[in-house]
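Asker: One structure, pasted below without further comment.
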Amino acid sequence: MKLALYPDPVLLCPAEPIAQVTQEIRDRAEEMVPFMALEEGIGLAAPQVSWGVRLLVASEDGSSDQARVLVNPEVVWKGGGNEWGEEGCLSFPGIYGEVLRALQVRVRAQDLDGNDVELEAEDMFARVLQHEIDHLDGVLFVTRMRPADKIANKQKLDELVSRYEARRASTEP
Ligand SMILES: [Zn+2]
């Protein structure tokens, strides 16, 4: 398993819904959990490991034990007002900025057994879920950043683009 880094196209397009949770999907999702912990993330969306499906893993404390796998997750309710808070992203190493998010969300999804689940989250965990669900729509946190943070990160973003292009040039036949 390998991280897709910005501006990899897999990060920019909407992911496909999962019609049925198969064993292959379970296996791959269960691989994402330790991978996320290893990368020190608290959330990881399937497109970030070059898998274009609507699935995410997220953990309230970053541990594998607390990790939830959500299939076809959708925010069905937002509340508690909105707050700016700092975010980073495993697909954007070294880039941090403030993003406005709802403080509380209710998310509907399926679990790996194909059962419908609903969960409520607040504060940091609500933020993580909104960030990861955005990934499934091809929406990246840098587009939601405070304008001043966009400017502050411009050079680092340009560097990510150059590095991506250099890697592609070196792997092309
Ligand atoms: Zn992210």
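Bear in mind that the values in this text are calculations on the coordinates, not laboratory data. Because the structure is predicted, anything quoted here is derived from the model rather than measured. Heads up, the Cβs are rebuilt from the backbone with ideal geometry, glycines too, and the neighbour counts pull from every protein chain shown.
Asker: How many nm is it between the label spots at Gln23 and Ala152, if each spot is 7 Å from the Cα in line with the beta carbon?
Answerer: Those two pseudo-labels are separated by 5.0 nm.
Asker: Tell me, rounded to the nearest percent, the portion of alpha carbon pairs in region 103-149 spaced more than 12 Å apart.
Answerer: 68 percent
Asker: In what sequence, highest mean first, do 154-161, 72-79 appear when ranked by Cβ atoms within 10 angstrom? Please report the intermediate quantities before stating the final value.
Answerer: Working: 154-161: 12.9, 72-79: 15.1.
Per-residue Cβ counts within 10 Å, averaged per peptide and sorted highest first, yield 72-79, 154-161.
Asker: I've got another one for you. Go ahead and set up a Gaussian network model of the chain, Cα springs under 10 Å, then flag whichever of Ala46, Ala37, Ala152 fluctuates most.
Answerer: In the Gaussian network model the winner is Ala152.
Asker: May I ask you to order 134-145, 116-127 by the average number of other C-beta atoms within 10 Å around their residues, highest value first?
Answerer: Final packing ranking: 134-145, 116-127.
Asker: List the relative contact order of region 1-149 as a percent without decimals, with contacts defined as Cα pairs under 8 Å and 6+ residues apart.
Answerer: Reported relative contact order: 25 percent.
Asker: Per residue Cα convex hull volume for the chain, in cubic angstrom?
Answerer: Measuring per residue, one finds 112 Å³ for the Cα hull of the chain.
Asker: Taking 41 Å as R0, compute the FRET efficiency from the Cβ-Cβ separation of Glu172 and Met124 and round it to 0.05.
Answerer: Working: r = 40 Å, r/R0 = 0.99.
Once rounded, the FRET efficiency stands at 0.50.
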